[in-house]
Amino acid sequence: MGRRVVLGMLGLGVAGVAAGPYLQRGVENVVSKDPTGLAGLLPGGGGFRYYSVVDSVPTRTAENYTLTVDGLVDHPVTYKLADLQAMRQRRIVHDVQCVTGWRVPATPFEGVPLADLLDAAGVRSGATAVRFSCFDGSYTESLTLDQARQDGVLVALKMQDAPVNHAHGGPVRLYVAPMYFYKSAKWLSGITLTPTVQTGYWENYGYDVDAWVGRSNGRDDAPTG
Ligand SMILES: Nc1nc2c(c(=O)[nH]1)N[C@H]1C(S)=C(S)[C@@H](COP(=O)(O)O)O[C@H]1N2
Ligand SMILES: [Mo]
């Protein structure tokens, strides 16, 4: 279901959505097993909320998905899905926490540690940060190189022990376990090593670049749910 349709059903304007993840609260579509999606329209339903900053995102499959690692690296490379599947996989079980306050406890994510992809590319000495781009054509994110090398950072191929589905950013999304979920870029298509941090989509609207859960965004006491 497209965002406009959801908004229309709720009788809300588009302006509120454009303002940011806080204000999306209540108009997000929960991605649930309900094929109609209608259960997800109930605010505070407890599950994941669906976020996209664009109205529609192309579908990518094993046949046409690619992930490029470039920028300040010795060996720029473009992976297909099968290449990523053939690499060492790591499974993490951690709470998902959105900056708006909703949380999904103990969610398994599985994929390639970002550190492994950085090592394979050979990070050059001038790089201090990583920029992520997405095949939705709009969303971007960033991490410092130190953050990117942390254990809890995966190029995730699985979520809840199943392939990451399209709504959740499949076939490949970023997962940054220790940070608010806006760092976990969906529909990941590019990893670029940069000389300095290039702020991401929501960060350009004032959200913290260092988005540690519980230590940023002034929402540390936000109620969950
Ligand atoms: N490409 C892309 N990635 C994104 C977003 C987005 O709008 N576009 N939203 C972010 C935010 S604010 C959240 S809370 C999560 C939501 O992930 P979900 O839709 O799988 O629940 O994705 C993050 N990654
Ligand atoms: Mo979010």
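Residues in region 128-162, backbone N under 20 Å from the label point at T68 (7 Å along the Cα-to-beta-carbon vector): list them, ranges by number please. Inside the label zone: 128-143, 155-156. Expressed as a fraction of 2.2 N^0.38 Å, the value expected for a compact globular protein of N residues, the C-alpha radius of gyration of region 71-225 is 0.99. Computed about the Cα centre, the dipole magnitude for region 57-205 is approximately 180 debye when only Lys and Arg (+1) and Asp and Glu (-1) carry charge, each at its Cβ. Working ranking of peptides 198-211, 174-187 by packing, defined as the average number of other Cβ atoms within 10 Å per residue, highest first, is 174-187, 198-211. When the residues S138, S52 are ordered by accessible surface, computed with a 1.4 Å probe over the protein chains alone, the sequence from largest down reads S138, S52.
The values are calculated or read from the model by the stated rules, or taken from the named source; none is laboratory data. Since the model is a prediction, treat every value here as computed from it, not as a measurement. For neighbour counting, all protein chains shown are included, and Cβ atoms are generated from backbone atoms with ideal geometry for every residue, glycine included. Surface accessibility is based on the protein's heavy atoms, side chains included, excluding ligands, DNA and RNA. Shrake-Rupley method; radii C 1.70, N 1.55, O 1.52, S 1.80 Å.
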